[in-house]
Each structure stands twice: as C-alpha cells, then as structure tokens.
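> Below is a structure I'd like to ask you about.
The values are calculated or read from the model by the stated rules, or taken from the named source; none is laboratory data. Everything quoted here is computed from the prediction, not taken from an experiment. No Cβ is skipped: glycine too gets one built from the backbone with ideal geometry, and neighbour counts run over all protein chains shown.
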Amino acid sequence: MNQPKSAAHNVDRASGADRQARRIFLLPAVVIVLGLSIFPLLFSLGITFSNMRLLAAQPTQFNGLANWARLLTDQQFHHALQNTLTFVVAGVTLQYLLGLGLALLLNMNLRGRRFFRISLLLPMMMSPVAVSYLIGRMVFSETYGPINDILFKLGLPAFHWTLSATNSMLVLIGVDTWQWTPLFILILLAGLQSIPSELYEAARVDGATSWQMFRFVTFPLLLPVSVTAILVRALEAFKVIDIVRVVTGGGPGNATESVTLFAYNLGLGGGDIAYASTVAFAFMIIIIVICLVFLSAVRRALPQRG
Amino acid sequence: MVSSRRIVLKPWRVAAYGLILIWCVVVYFPLYWCVITSLKTPLALMASIAYFPWIDFQPTLDSWRSMLLGTDAPQVYLSFTNGAIVSLSSAAVAMFLGGMAGYGLTRFTYRFGSWRNNDIAFWFVSQRIMPPIAVVLAFLILYRYLGLVDTRFGLALAYTGFNLPLAVWILRDFFAEIPKELEESALLDAASWLRAFWSIAFPLALPGLVAVFILCFIFTWNEYLFALILTFQRAGTVPLLLASQVTATGVQYWRMAVLAVLSIVPSVICAVVLERYIVSGLFSGGVKA
C-alpha cells in the first residue's frame with residue numbers, strides 16, 4: 001500500500017494541505033462547466049446582438065437589439081412556442097396520470113418485479129430517434145403499419161395523421177409518452193414505497209374507503225415527489241427536436257415545429273446564426289420563467305407544508 | 001400458507017394483472033415489430049402487412065447482410081465506432097470528475113462569496129435547465145475557430161460538459177452515504193485526502209460510479225442535437241445515421257429496422273444492468289434529495 005506517490009501528494013501533506021485538496025476535488029468540474037456551459041452561453045448571448053451568419057458573406061457587426069425586436073413580432077416563433085407548450089403540457093400530464101395509475105398497480109406486490117423493472121427502464125434507455133422510428137414511422141405508418149391494418153380488420157376507420165395538424169401532434173405525444181411514462185412509474189413507485197404502512201392501518205381503523213385512503217394519504221404524500229418528477233420531465237420535454245424532426249419534420253406545414261427545430265432550421269438551414277441564437281436564448285428565459293411560476297404556484301397550493 | 005392464499009384470486013388483482021399486461025404489450029409490440037421488419041424483404045414489406053415469421057412471411061437476413069456487408073457497411077461501422085468512442089470517453093471523464101466533485105462537496109466546506117456547498121451543487125444541476133440549442137450554436141462557431149467541427153474529440157468534449165452536472169449531483173448523494181470515519185482513520189495514517197478518496201471512498205462508491213457511468217454513456221449514445229450540429233461525415237454517431245435514413249428518397253423500412261435494432265442493443269444491456277441499482281435505491285435517493 002505504501003508505494004511512492006507523485007509530488008502532488010507531498011505538497012498535500014504540507015501546511016494548508018486541506019485547502020489544496022479541497023481545490024483539487026472541485027476545480028476540474030467547475031472549470032469544465034464554466035468552459036463548456038457558461039462560456040458558450042455568454043458567447044451565445046453576445047451573438048444575439050450581432051448580425052453573425054453561418055457563412056460569413058459580410059463581416060460580423062454589432063446589430064443592437066434588432067434580433068430581439070424581430071423576435072417580438074415573429075409569428076413563426078410564437079407558433080413554434082405554442083406547439084412546444086402543447087407538446088409539453090399535454091404530454092407530461094398524460095405521462096403523469098398513466099405513470100401514477102401504473103405505479104399504484106405495480107405497488108400491489110405482483111410477481112415478476114424484476115421483469116417489470118427492466119421493461120420500465122428499457123424505453124428510457126433507447127435513443128429518441130430510434131423510438132421515433134419504431135412508433136412514429138413503423139407502427140403508425142399509414143400504409144405499412146400494423147395500427148391501420150388492425151383498425152381495418154376490425155372494421156374501424158383508418159387513423160390518418162400525416163396531413164392533420166392535431167393528429168400529427170398526437171403521434172408526437174404518443175411517441176414521447178411511450179418513452180417517458182416509465183420515468184414517472186419508477187419515481188412514483190419509489191415514493192409509494194416510502195409511505196409508512198402505519199398510515200394506511202390507521203386509516204383502515206377509522207373506516208376509510210380505498211378512495212379516501214388515496215385522496216387523503218397516498219396523493220398528498222406523493223405530491224412533493226410528483227412535483228419534482230413533473231418539473232424534471234417538463235424541462236426535458238421542452239428541449240424536443242429529435243422526435244419532431246424524424247416523425248413529422250415539423251409538418252404538416254409547420255404545424256408541429258418545436259422551438260428547438262425552428263432555431264436549428266434558422267441557424268443551419270438559413271445560416272442566420274444571430275437570430276437562431278436569439279430564439280434559443282429567449283426560449284431559455286421563457287423556460288426559466290415557466291419553471292418559477294410553476295414552483296410558486298405549487299408552493300401556494302401546499303400551504304400546510306412547513 | 002402463502003400459496004394457499006394465492007389460489008383465491010381477487011377480482012381487482014386479476015384486473016391489475018390485465019392492465020399491466022396491456023402496458024407490456026404497448027411496450028414490447030413496437031420492439032417486436034421492428035425486429036420482424038428487419039427480417040422481411042423489401043418486396044414482402046410492400047406486398048402485405050405480416051405479423052408472424054414462418055407463418056405469414058418467410059424471414060430472411062437479406063437486410064442485415066446488405067447493411068453489415070454491403071456498400072453501406074463502412075458508414076454503419078464508422079457511426080457505431082464513433083458512438084462507442086465518444087460515449088465511453090465522455091462518460092468516463094464525467095464519472096471521474098463528477099466523483100471527485102461529489103466527494104469534495106460532501107467532505108469539505110467550500111465558500112464562494114455567499115455560496116456554500118448546497119448552492120454550488122445546485123449551480124451544477126441547474127445547468128440542466130438550459131436548452132442545449134442555446135449553447136450548441138455557439139459551440140459550432142467556437143469549434144470552427146478551433147478546428148474541432150466533425151471530430152470525435154470535439155464531440156466528446158461537448159458531451160462531457162453536458163453530462164458532468166448530473167454526475168456531480170448523483171454522486172454527491174452517494175458519497176454522503178459513505179461514513180467519513182473510514183477515511184479519517186486513513187488520514188491519521190498520514191495518507192493524503194487524494195489517497196483517502198482513491199483507495200477508500202472510490203471503491204465504496206463503486207455502485208454509484210457504475211450507475212453514473214451507464215447513465216452518461218447511454219445519454220451520449222442516444223443524443224441527437226449536438227451530433228447533428230457539430231458533426232457531418234467523419235464523427236457522426238448512431239442517432240445521426242438513423243435519422244439520415246429519413247431524408248433519403250423514400251422511407252426504407254428494412255434499412256431503418258436493422259439500424260434501429262442495432263442501436264437498441266446497448267440500451268437493452270444498460271437497462272438490465274441498471275435494474276440492480278433501482279433496487280439499491282439510486283433513484284429513490286435522488287428523489288428524496
């Protein structure tokens with residue numbers, strides 16, 4: 001065990017060793033996050049005040065607030081923002097409700113837990129691009145997919161979605177729900193298992209029905225975990241681009257275009273890096289505001305928690 | 001005693017199994033469909049919608065042969081090699097540096113202005129709020145100056161910054177569970193903090209480190225936006241290869257199916273390995289924090 005070590009260790013043992021060690025542990029991570037996250041973010045903020053293009057036709061110049069002014073009246077940005085909000089609110093709500101229901105079922109000590117847990121992890125471990133192919137492109141394929149074939153065999157009308165804005169959005173939400181409902185199941189299942197069984201026994205002694213036990217014991221105790229899970233999931237859902245780009249390409253028209261896809265098309269398709277960065281930066285501010293509003297609303301709804 | 005009770009099947013229990021069975025069908029049917037699609041010939045695929053190999057269509061390995069041995073093979077191998085190198089290296093660096101930071105945040109008291117350890121940890125994890133599109137365009141401009149566009153190193157570097165905050169957050173919880181006393185006795189033996197970390201805390205936190213490594217690996221393996229913007233031909237990863245199938249003239253389901261099945265293999269392995277850590281409470285611990 002006592003093999004000779006590098007000089008750095010000897011320095012550590014000298015005076016102020018603790019202070020030195022402290023820095024060695026935290027510094028690399030801080031430097032990487034500053035360099036690869038904070039610096040690009042500030043750089044991107046700088047770009048929003050310029051006229052930078054991807055292929056420099058003219059030298060990059062200071063452009064004042066022109067990009068931000070353009071953003072305020074850009075119908076396509078507002079539309080993309082609306083699409084993204086629909087995707088997040090409808091999708092995450094659906095995933096939470098399904099997740100809660102399935103977590104309550106799985107909490108009943110059924111057999112085959114290991115198999116269920118692997119089945120829950122599997123969709124989350126897959127690439128959203130692969131999931132988009134599996135569900136959006138193959139299973140929901142209008143001509144070669146099994147869904148329409150089965151509907152046809154049952155004598156039901158076919159599900160046409162590629163030309164319908166609403167149905168295209170439904171397919172996108174379906175793809176996301178297939179992949180991410182398991183996250184809610186896993187988190188809520190962990191929450192359910194941490195509720196002490198004495199609470200249920202006490203409720204049973206008081207003659208509570210199953211619904212009353214859910215309404216007054218299970219649900220309130222799951223709320224903090226639920227809020228965390230919804231917030232984490234919504235933050236990820238806001239960033240959607242892969243599902244949209246593979247399944248609908250933002251179409252029909254731009255009916256399902258997300259903000260990230262919109263900014264990508266502006267920046268790499270149109271070469272307008274400055275305006276694309278403005279869209280992206282504004283989007284980040286909007287996400288932060290939405291999170292803060294959500295959290296303060298939750299805090300107001302839970303006054304009894306001290 | 002237990003088995004005699006199980007014979008009486010209560011109706012709600014049957015209903016619960018039924019509902020969970022439906023969920024399992026929803027989860028596994030698309031995977032099954034993808035696998036059998038990869039076994040159909042283009043002609044069979046266009047001719048009819050078939051569900052069962054050997055019963056309503058004759059499975060072949062033609063698509064697999066053409067993707068793995070045909071003219072597309074070099075691009076397929078390159079994408080999978082790129083994905084493996086980029087994901088493994090960025091996950092290893094994120095795990096190691098995240099482990100050090102997580103350890104530091106549970107063993108020392110840091111002061112940075114008015115910030116204490118909890119604020120620093122929150123600063124790390126708050127990076128996840130930022131939509132990646134807000135930085136990735138800046139990455140593209142910076143990488144063009146540095147000559148890092150379309151390189152594995154550049155992509156791995158970007159992913160390391162992307163994965164590190166989560167690694168710090170999870171591993172801080174892990175090291176908090178490991179009693180300090182074990183290291184303190186080592187420090188009395190005149191070992192340095194670094195050696196206490198390396199030879200005592202690091203091995204004890206191994207389950208957490210493995211879990212974080214797997215999570216970082218699979219996030220990187222699956223990530224699309226960074227790869228889309230920062231790479232073209234040489235350093236592209238698997239999701240990029242997969243997504244490029246859609247822009248080709250006409251959608252070639254058999255090609256997609258083969259690539260999708262291949263891309264899912266690491267996902268299956270990660271799911272099976274990670275399952276153990278759910279039991280040991282990795283996720284429940286993260287939720288309580």
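> Being surrounded by fewer than 20 Cβ atoms within 10 Å (Cβ to Cβ), among the aliphatic types (A, V, I, L, M) and within 26 Å of A:L110 (Cβ to Cβ) is true for just one of A:L199, A:L183, A:L189. Which residue is that?
A:L199
> When you scan region A:132-161, how many residues do you find that are within 8 Å of chain B (Cβ to nearest Cβ) and either farther than 17 Å from B:A257 by Cβ or not polar (S, T, N, Q) (or both)?
The qualifying residues number 10.
> Of the conditions (1) of a type in the set (V, I, T); (2) touching a Ser or Thr at 6+ places or on another chain (Cβ under 6 Å); (3) modelled with pLDDT under 90, A:V217 fails just one. Which one is it?
Tallying (1) of a type in the set (V, I, T); (2) touching a Ser or Thr at 6+ places or on another chain (Cβ under 6 Å); (3) modelled with pLDDT under 90, A:V217 fails exactly one: (2).
> Now for a different question. Which of the helices (runs of 4 or more DSSP H) found entirely inside region A:205-262 contain at least 3 residues meeting this: within 14 Å of chain B (Cβ to nearest Cβ) and surrounded by 19 or more Cβ atoms within 10 Å (Cβ to Cβ)?
A:219-238, A:242-247
> Please go through region A:263-294 and pick out each residue that is without any contact (Cβ under 8 Å) to a residue 60 or more places away in the chain and more than 10 Å from chain B (Cβ to nearest Cβ).
If the condition is that a residue be without any contact (Cβ under 8 Å) to a residue 60 or more places away in the chain and more than 10 Å from chain B (Cβ to nearest Cβ), then A:N265, A:G269, A:G270, A:V289, A:I290, A:L292, A:V293 are the ones that fit.
Conditions (1) under 26 Å from B:P266 (Cα atoms); (2) at pLDDT 90 or above; (3) more than 24 Å from the chain's Cα centre (by Cα), marked per residue:
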{"position": "A:N63", "(1), (2), (3)": "no, no, yes"}
{"position": "A:A69", "(1), (2), (3)": "no, yes, yes"}
{"position": "A:F87", "(1), (2), (3)": "no, yes, no"}
{"position": "A:S119", "(1), (2), (3)": "yes, no, no"}
{"position": "A:M126", "(1), (2), (3)": "yes, yes, no"}
{"position": "A:R137", "(1), (2), (3)": "yes, no, no"}
{"position": "A:P146", "(1), (2), (3)": "no, no, yes"}
{"position": "A:I150", "(1), (2), (3)": "no, no, yes"}
{"position": "A:G155", "(1), (2), (3)": "no, no, yes"}
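> Of all residues in region B:105-135, which are touching a residue at least 24 places away in the same chain (Cβ under 8 Å) and in contact with a Ser or Thr (Cβ under 9 Å, 6 or more places away or on another chain)?
Correct list: B:Q127, B:P132, B:I133.
> For region A:33-61, which positions are at pLDDT below 90 and either surrounded by 18 or more Cβ atoms within 10 Å (Cβ to Cβ) or within 13 Å of another protein chain (Cβ to nearest Cβ) (or both)?
Correct list: A:S50, A:N51, A:M52, A:R53, A:L54, A:L55, A:A56, A:T60.
> Which of (1) under 23 Å from A:T84 (Cβ atoms); (2) free of Cβ contacts under 8 Å to residues at least 60 places away in the same chain; (3) of a type in the set (S, T, Y) does A:S194 not meet, given it meets every other one?
(1) is the only condition that A:S194 fails.
> Taking B:I218 as meeting all but one of (1) over 26 Å from A:V259 (Cα atoms); (2) out of contact with any Lys or Arg (no Cβ under 7 Å at 6 or more places or on another chain); (3) at the interface with chain A (Cβ under 10 Å from one of its Cβ atoms), write down the number of the exception.
Against the list (1) over 26 Å from A:V259 (Cα atoms); (2) out of contact with any Lys or Arg (no Cβ under 7 Å at 6 or more places or on another chain); (3) at the interface with chain A (Cβ under 10 Å from one of its Cβ atoms), B:I218 comes up short only on (1).
> For residues that are more than 8 Å from every other protein chain (Cβ to nearest Cβ) and touching a residue at least 24 places away in the same chain (Cβ under 8 Å), scanning just region B:149-162, find the one that is surrounded by the most Cβ atoms within 10 Å (Cβ to Cβ).
It comes out as B:L155.
> Yes or no: region B:116-123 includes at least one residue that is among the acidic types (D, E) and either under 16 Å from A:V31 (Cα atoms) or more than 21 Å from the chain's Cα centre (by Cα) (or both).
yes
> Inspect all residues belonging to region A:293-304 and state whether any of them is modelled with pLDDT under 90, surrounded by 15 or more Cβ atoms within 10 Å (Cβ to Cβ) and not hydroxyl-bearing (S, T, Y).
Yes: one or more hits.
> When the residues of region B:168-197 are narrowed to those that are in a loop (DSSP other than H, G, I, E, B) and more than 10 Å from chain A (Cβ to nearest Cβ), which ends up farthest from A:M124 (Cα to Cα)?
Taking the candidates together, the pick is B:K180.
> Is there a residue in region A:177-184 that is in contact (Cβ under 8 Å) with a residue 24 or more places away in the chain, within 20 Å of A:A90 (Cα to Cα) and not in a helix (DSSP H, G or I)?
no
> Kindly establish whether B:P30 is at pLDDT 85 or above and either surrounded by fewer than 14 Cβ atoms within 10 Å (Cβ to Cβ) or among the acidic types (D, E) (or both).
no
> Looking only at region B:239-254, count every residue that is at the interface with chain A (Cβ under 7 Å from one of its Cβ atoms) and either within 19 Å of the chain's Cα centre (by Cα) or of a type in the set (K, R) (or both) and tell me the total.
Number satisfying all stated conditions: 3.
> While we're here: Suppose we filter region B:210-258 for residues that are closer than 29 Å to B:L45 by Cβ and in contact with a helix residue (DSSP H, G or I) (Cβ under 7 Å, 6 or more places away or on another chain); how many remain?
Total meeting the criteria: 23.
> Moving on to the next point. Within region B:101-110, identify whether any single residue is within 11 Å of chain A (Cβ to nearest Cβ), of a type outside the set (D, E, K, R), out of contact with any helix residue (DSSP H, G or I) (no Cβ under 7 Å at 6 or more places or on another chain) and surrounded by fewer than 22 Cβ atoms within 10 Å (Cβ to Cβ), and answer yes or no.
Taking every residue of region B:101-110 in turn, none turns out to be within 11 Å of chain A (Cβ to nearest Cβ), of a type outside the set (D, E, K, R), out of contact with any helix residue (DSSP H, G or I) (no Cβ under 7 Å at 6 or more places or on another chain) and surrounded by fewer than 22 Cβ atoms within 10 Å (Cβ to Cβ).
> What number of residues in region A:196-238 are among the aromatic types (F, W, Y) and over 30 Å from the mean Cα position of the chain (by Cα)?
2
> Considering each residue of region B:255-277, count those that are more than 9 Å from every other protein chain (Cβ to nearest Cβ) and crowded, with 22+ Cβ neighbours inside 10 Å, and give that number.
1
> State whether one or more residues within region B:198-210 are closer than 18 Å to B:A156 by Cα, outside the structural domain of B:C34 (by TED's automatic domain parsing) and not in a loop (DSSP other than H, G, I, E, B).
no
> So, one more: Would you check which residues across region B:119-147 are in a helix (DSSP H, G or I), under 14 Å from A:L36 (Cα atoms) and within 7 Å of another protein chain (Cβ to nearest Cβ) and list them?
Passing the criteria: B:F124, B:Q127, B:R128, B:I133, B:A134, B:V135, B:L137, B:A138, B:F139, B:I141, B:L142.
> Please find, within region B:192-224, the residue that is surrounded by the most Cβ atoms within 10 Å (Cβ to Cβ) out of those that are of a type in the set (A, V, I, L, M) and under 15 Å from the mean Cα position of the chain (by Cα).
B:V212
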